[in-house]
Amino acid sequence: MRIARFTTGGDPRYAVVEGEAGAEVLHVLTGDPIYTPVQKTGEQVPLTDDGMRLLAPVIPRSKIVGVGRNYAAHAREHGNDVPASPLLFLKPNTAVIGPDDPIVLPDFSQQVEHEAELAVVIGRITKNVSPEQALHHVLGYTVANDVTARDIQRTDGQWTRAKGFDTSCPLGPWLVMGLDPDDLAVSARVNGETRQHARTSDMVFDVPFLVSYISEVFTLLPGDVILTGTPAGVGRLEHGDRVEVEVEGIGVLMNPVVRRS
Ligand code: MG
């Protein structure tokens, strides 16, 4: 099942997405499926309707937990070893934008890069869960771009500014429930040219292990998001680019890139 968050001009609402690619229809829901039981209102909105805009499928109330260097070939492309245990960082929820929202290149960086990732959305309060039980705590999956100011990541030493700036966490186009995260294609294209392409089976630490490991550090709350790391092929984004991240079984997340100064 696919769940979208959208607006037709008023407050954000949620909907179940049905139909084939190019002919999707949003079946509007009452309430917020991340936190409350919901039902269909009967209203239907075609995805292509004028004035219909998809939003980030979730705005985490507490945190986005990123995982660094979780694909060996990506760790190597920057001359790093694969860590012995997951390398964690946080992004604030103010970094989140939705499909088609612009990634705004920050003034303090001259080297902003895309990172295509599978994102895990937590569905239940989760603390010290085992890998075997971890997927029962997942609500669903979406597509993420862990946009990173690579020059600042190097010079700052820690990653808050490099990975936490406004617009650095595009999420979308919707949540997919009931997906097996084990072996999905993950790719990034810039202006139509493929830059990253790998499979989640190439991850050093898989999704159940990551949820378990992270839940030993933090209590995970419904709506929290885990970014599972990016494959090799990260590259620079420039003003005017269009960056698409695709995860098999979920869809395509597109964002234009702008520099405002
Ligand atoms: Mg990343």
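Every number in this text was worked out from the coordinates using simple rules, so none of it is lab data. Owing to the predicted nature of the structure, the values given are computational and were not obtained by experimental measurement. Note that each Cβ is placed from the backbone with ideal geometry, even for glycine, and that neighbours are counted across all protein chains shown.
The GluC sites (Glu not before Pro) of the range 1-99 that meet both conditions, a loop assignment by DSSP and at most 15 other Cβ atoms within 10 Å of the site Cβ, are Glu20. Computed from backbone phi with θ = phi - 60° and the Karplus coefficients 6.51, -1.76 and 1.60, the 3J(HN,Hα) list for the range 159-173 is 10, 4, 6, 5, 10, x, 5, 3, 6, 8, 9, x, 10, x, x Hz; x is used for glycine and proline. If you take the charge dipole of the range 45-122 about its Cα centre, with +1 on Lys and Arg Cβ and -1 on Asp and Glu Cβ, which of Ala73, Leu88, Ala116 is farthest toward its positive end? Result: Leu88, furthest along the dipole toward the positive end. The residues neighbouring Asp202, those whose beta-carbon lies less than 14 Å from its own, together hold a net charge of -3 under the Lys/Arg +1, Asp/Glu -1 convention. Label-to-label distance, Phe209 versus Asp182, with points set 7 angstrom from Cα along the beta-carbon direction: 1.5 nm.
Relative contact order for the chain: what is it in percent, counting Cα pairs under 8 Å that are at least 6 residues apart? Walk me through the intermediate numbers first.
Working: 707 pairs, mean separation 64.8, N = 261.
This gives 25 percent for the chain.
Straight-line reach from Lys63: which aspartates and glutamates fall under 17 Å, measuring Cα to Cα and dropping same-chain residues less than 8 apart? By straight Cα distance, Lys63 reaches Glu117, Asp146, Asp166, Glu216, Asp224.
Other residues within the sphere of radius under 9 Å centred on the Cβ of Pro222, judged by their own Cβ, net out at +1 (K and R +1, D and E -1).
Taking every DSSP helix (H) stretch of at least 4 residues in the chain, weighting each as -39,500 (n - 2.57) and dividing the sum by the residue count yields a mean residue ellipticity at 222 nm of -3000 deg cm²/dmol. When each of His137, His78 is scored by the number of other beta-carbon atoms lying within 10 Å, the sequence from fewest to most is His78, His137. Residues whose amide H lies under 5 Å from that of Leu87, counting only those 5 or more places away or on a different chain, are Gly68; hydrogens are built 1.01 Å from N in the peptide plane. Only the Cβ atoms of Lys and Arg (+1) and of Asp and Glu (-1) were treated as charged; on that basis the dipole of the range 108-261 about its Cα centre amounts to roughly 540 debye.
For the range 74-142, the set of trypsin sites (Lys or Arg not before Pro) satisfying both a DSSP loop assignment and a count of at most 14 other C-beta atoms within 10 Å is given as Arg124, Lys127.
Fully extending the segment from Arg242 to Thr94 would add 51.1 nm, taking 0.36 nm per residue of separation and subtracting the current Cα-Cα distance.
Taking other residues whose beta carbon is less than 13 angstrom from the beta carbon of Val82, and scoring Lys, Arg as +1 and Asp, Glu as -1, yields -1.
Across the range 141-151, computed HN-Hα scalar couplings (Karplus, 6.51 cos²θ - 1.76 cosθ + 1.60, θ = phi - 60°) run 10, 9, 9, 10, 10, 7, 4, 9, 7, 5, 5 Hz from first to last residue, x flagging Gly and Pro.
Subtracting the Cα-Cα distance of Val258 and Arg76 from their residue separation scaled by 0.36 nm leaves 62.6 nm. For the range 6-43 versus the range 106-140, the inter-centroid distance based on Cα atoms is 23 Å. Once divided by 2.2 N^0.38 Å, the Cα radius of gyration of the chain becomes 0.96. For the range 2-55, the alpha carbon positions stretch 29, 23, 18 Å along the principal axes, listed from largest to smallest. Note on Gln133 and Thr8: with the Förster distance fixed at 35 Å, the Cβ-Cβ geometry gives a FRET efficiency of about 0.35.
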